[in-house]
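Structure record follows, encoded as structure tokens.
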Amino acid sequence: MNDIDLDTSPRAVWRLIWPQMLMMYLVVLTGFTTVWLAGQISADVQAALGMVTQISLFLMVIIMAVSNGAIASISQSLGARKLLRARRYVGATAVGSLGLGILTALAGYCFGNDILVLVMIPDSIMPISRELWRVAMLALPVQYLYSASGVLFRVTRQVVPSLLVASLTCIVNLFACLGFGLGYFGLPTFGYTGIAWANFGAQFLGALGNCFLLCGSGYLCQRSMPDLRWLRAGLPYLLKVALPAGADAFVWQSGYLTLFALVASLPQDSVNALAGLTAGLRIEALLFMPGMAFNMSVAVLVGNCLGAGKAEEAKRIALNMVCLGTAAMTLIAAALWPFRPELARILSCNPGTQTQTVSYLTHNLLSTPFSVASSIMGGIMVGAGATKYNLMIFGGASWLVRLPLGWLLGHVLWGTAAGVFLAMLLSQCLQACIMLQVVLRRDWTRFAMGRRAPAARRAYHSISR
């Protein structure tokens with residue numbers, strides 16, 4: 001516990017990345033299984049599940065913000081070898097995530113019908129969407145805690161225990177979805193509601209397992225619970241990172257919701273296009289989610305280096321990770337390219353949905369180098385605490401390029417989902433180029449804890465004691 005791992009050798013980096021890549025593939029498998037099962041029931045269920053899942057991800061913006069603040073705060077604290085401070089950030093994050101999850105779920109449950117109408121869900125799938133939404137809101141606090149506790153494991157470099165919990169969660173989810181969704185193993189068949197409750201049960205198990213192991217590691221204990229005096233000194237930096245990150249997640253996820261609304265309101269074949277978008281996102285996750293392993297790893301490594309006062313080493317690691325992660329995921333995208341029709345057939349029995357899924361994959365496999373590079377560079381900014389760059393660049397690419405262009409091509413000029421998918425590709429290219437300029441030409445290391453104004457520095461030293 002007192003031996004803080006700050007190694008940045010290639011072997012240490014690999015030890016940090018490979019369990020996270022496996023975890024991301026488990027997340028992909030879980031989502032892939034859910035969408036496949038929904039497709040076996042009907043295209044309507046698949047489309048409704050896609051919409052509800054996307055709205056639920058939108059409500060996750062708060063925990064995404066808190067997690068980004070925790071990554072910067074804890075990684076830099078460990079880099080500075082301030083173990084007690086790191087523990088207290090862990091405690092504040094764990095307790096805060098559960099409380100925020102409960103409040104968000106209550107608001108989502110009360111205004112659920114208005115939200116579903118606002119995103120323009122087609123009337124044909126509205127009853128299914130309402131049922132899925134109720135279960136999703138009951139599961140949201142657990143999902144918040146499971147997400148935050150997973151981040152706490154990664155930022156403290158305890159990636160193998162987190163991988164074991166994720167593996168168990170994935171296995172339970174798979175068997176429960178097959179059993180209660182389609183009636184396998186002699187279990188009663190509940191259809192799409194069985195799938196929704198299976199996801200809830202698996203995430204509850206994952207959150208419980210993560211918290212138990214964090215307590216065993218010593219990071220989550222009585223001494224981890226900060227008092228009010230510590231919170232007054234320690235929370236400002238976490239919030240300084242979290243607020244722009246939360247705004248970025250809000251802008252990004254609201255952009256995706258608007259994108260779903262654009263597809264749902266297309267003049268031609270909207271339900272199949274919506275189901276194809278849902279299926280395509282799950283297949284694309286085979287590339288994007290492992291890329292997130294590089295995103296999270298580079299955030300931890302950069303935070304450790306900046307906490308230790310090694311700005312040049314942080315920049316070197318950052319560029320190496322961008323190159324390595326982008327190259328690896330691009331090779332996988334190239335390997336998947338010839339099998340787009342086969343992948344589409346796996347996730348849906350509907351020919352119309354299969355056609356739309358292939359169209360989505362055609363555009364988004366081409367964007368892999370740009371989307372993965374953007375994600376990894378976003379992780380650099382998180383580790384440095386420079387999340388304002390993510391807000392400006394990702395938010396601008398979504399709302400100033402992707403959505404207006406998607407409306408123009410999808411609704412005005414072409415009238416098909418292909419126009420929306422092309423807009424996604426072009427916006428990814430633009431944001432990757434701008435992010436690269438920031439990484440190479442801006443002093444993003446100045447946002448770290450130790451490089452701040454005198455008043456902030458006094459608070460920094462007070463929470464170090």
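The values are calculated or read from the model by the stated rules, or taken from the named source; none is laboratory data. For clarity, every value in this text was computed on a predicted model and none was experimentally measured. With ideal geometry, Cβ positions are generated from the backbone for all residues, glycine too; neighbour counts draw on all protein chains shown.
Of the residues that make up the stretch 318-333, is at least one closer than 16 Å to Y360 by Cβ and in contact (Cβ under 8 Å) with a residue 24 or more places away in the chain? Checked against the condition, which is being closer than 16 Å to Y360 by Cβ and in contact (Cβ under 8 Å) with a residue 24 or more places away in the chain, the stretch 318-333 yields at least one hit. Looking only at residues in the stretch 109-125 that are over 18 Å from F204 (Cβ atoms), in contact (Cβ under 8 Å) with a residue 12 or more places away in the chain and in a helix (DSSP H, G or I), the one that is farthest from the chain's Cα centre (by Cα) is S124. Residue count for the stretch 4-18 under the criterion of being under 12 Å from M292 (Cα atoms) and either of a type in the set (K, R) or crowded, with 18+ Cβ neighbours inside 10 Å (or both): the result is 1. Consider the stretch 353-374 and keep the residues that are surrounded by 24 or more Cβ atoms within 10 Å (Cβ to Cβ), closer than 13 Å to M435 by Cβ and touching a Ser or Thr at 6+ places or on another chain (Cβ under 7 Å). The one that is modelled with the highest pLDDT is A373. Would you please name the residue that is surrounded by the most Cβ atoms within 10 Å (Cβ to Cβ), looking only at residues in the stretch 265-290 that are over 13 Å from L347 (Cα atoms) and of a type in the set (S, T, N, Q)? Among those residues, the one meeting the criterion is S270.
Against the test of being within 19 Å of the chain's Cα centre (by Cα) and in contact (Cβ under 8 Å) with a residue 60 or more places away in the chain, the options L266, L235, L259 yield a single qualifying residue, L259. Taken over the stretch 216-235, the criterion of being surrounded by 14 or more Cβ atoms within 10 Å (Cβ to Cβ) and assigned to a helix (DSSP H, G or I) is satisfied by S217, S224, W230, L231, A233, G234, L235. Taken together, A264, A245 contain a single residue that is of a type in the set (A, V, I, L, M, F, W, C) and under 25 Å from R446 (Cα atoms), which is A245.
On the stretch given as the stretch 187-205, residues that are in a helix (DSSP H, G or I) and in contact with a Gly (Cβ under 8 Å, 6 or more places away or on another chain) total 4.
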